Amino acid sequence: MEKSRPYVILSAAISIDGKIATRTGKSNLSSRKDLVRVHNLRKSVDAVLVGKNTVNVDDPLLTVRYVKGKNPIRIILDSKGSLSIKSNVVKTAKKIPTMLVVSENSSKNVKKFTTKGVQVIRCGKKKIDIKKLLKILGKKGIKKIAVEGGGTTNWYFFKEKLVDEIVVTITPYVLGGSTAISLVEGVGFGKISNSFKLKKIEKIQNEIVLHYMS
Ligand SMILES: NC(=O)C1=CN([C@@H]2O[C@H](COP(=O)(O)OP(=O)(O)OC[C@H]3O[C@@H](n4cnc5c(N)ncnc54)[C@H](O)[C@@H]3O)[C@@H](O)[C@H]2O)C=CC1
Ligand SMILES: Nc1nc(O)c(N)c(N[C@@H]2O[C@H](COP(=O)(O)O)[C@@H](O)[C@H]2O)n1
């Protein structure tokens, strides 16, 4: 691992059949106990990162609420700068540090975000250059981040081999649906080569939490 970039933990809840949401975008798969674990993870990292679709579909807060602890910085990847101004992350950005990462080619006016307290970072020409972004975050003193989806964002991190740890909860649901989002979307790998080492298995009632390391 390059020392200059933050340590990356990919965190998600999946159904038995590997989906992270229903075909209609419902993603509240984890039990309350598992969410307590997720919030303990959030308080242990410097930043939580998600993609724009996750914000637009879930309208998350990405805060620490089920346990006591400091909120991580929130980072949203949105190459075109088309995030909803009415989203919870934007509405609370003056209280909780929030970064919006857009590509250099994005012509959208980002002032509407900055006036709401969102820090805007331009990184990568058309797509967001995640390697470069992690270097920028490292220089800002961010040492550990949790990537919380969705499937497209997860793919970019796997594609660039930037995932150091995977924490995934298998929840007791079968969702099906060819259009339902899986843990990892994108083009996918053509070869079976990207293996991780299983380090820990936790059983939380009806769920299993798997911890893998690169
Ligand atoms: N069960 C779970 O643990 C979770 C479920 N979800 C679900 O996932 C679904 C959303 O997933 P997706 O549609 O795959 O979208 P996503 O949330 O990964 O967002 C994709 C968007 O993020 C931006 N983006 C991400 N990486 C980029 C890069 N390298 N360069 C440029 N732009 C980049 C782009 O605007 C792209 O269209 C929602 O239904 C949500 O509920 C999301 C997070 C966790
Ligand atoms: N670990 C995990 N389990 C689930 O069941 C989930 N749905 C998610 N989703 C991630 O958490 C965000 C919601 O956060 P808030 O509760 O609003 O703080 C969601 O947008 C996903 O990133 N994760």
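Quick note: the coordinates plus some simple rules give every number you see, no bench work behind them. Please read all numbers here as calculations on a predicted model, not as lab measurements. Glycine gets a Cβ as well: all are built from the backbone with ideal geometry, and neighbour counts include every protein chain shown.
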Expected sort for 88-98, 108-118 on mean C-beta neighbours within 10 Å, highest first, is 88-98, 108-118
With axes computed from alpha carbons, what is the tilt in degrees of helix 130-139 against the longest principal axis of the chain, rounded to the nearest 10 within 0 to 90? 70 degrees
Which one of N53, S11, T92 is farthest out on the positive end of the charge dipole of the stretch 7-213, using unit charges on Cβ (Lys, Arg +1; Asp, Glu -1) and the Cα centre as origin? T92
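Take every DSSP beta bridge with both residues inside the chain and express the antiparallel ones as a percent of the total, to the nearest 5.
35 percent
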Magnitude of the Cβ-charge dipole (Lys and Arg +1, Asp and Glu -1) of the stretch 7-213 about the Cα centre, nearest 20 debye, reported as 860 debye
Could you please report the charge total around G124, scoring K, R as +1 and D, E as -1 over all other residues with beta-carbon less than 13 angstrom from its beta-carbon? +4
Between V147 and residues 5 or more places away or on another chain, the pairs with built amide H atoms under 5 Å apart involve I9, L10, S11, L49
Which distance in nm do the two modelled labels at K132 and I16 give, with both placed 7 Å along the Cα-to-Cβ direction? 4.5 nm
Ranked output for segments 54-65, 144-155 by mean other Cβ atoms within 10 Å, highest leading, reads 144-155, 54-65
Which of rounded, prolate or oblate describes the chain when judged by the alpha-carbon gyration tensor and an a/c cut-off of 1.5? rounded
Peptides 198-205, 73-80 ordered by average Cβ neighbours within 10 Å, highest first: 73-80, 198-205
Given pairs K125/K161; K26/K131; K95/K126; K68/K203; K140/K200; K111/K140 and cut-off 26 Å on Cα-Cα distance, the over-length ones are K26/K131; K95/K126; K140/K200
Want the number for N56 to K197: 0.36 nm per residue separation, take away the alpha-carbon distance, what's left? 47.4 nm
Considering the dipole of the chain built from charges on the beta carbon (Lys and Arg +1, Asp and Glu -1) around the Cα centre, which of L29, G151, L41 is farthest to its positive end? L41
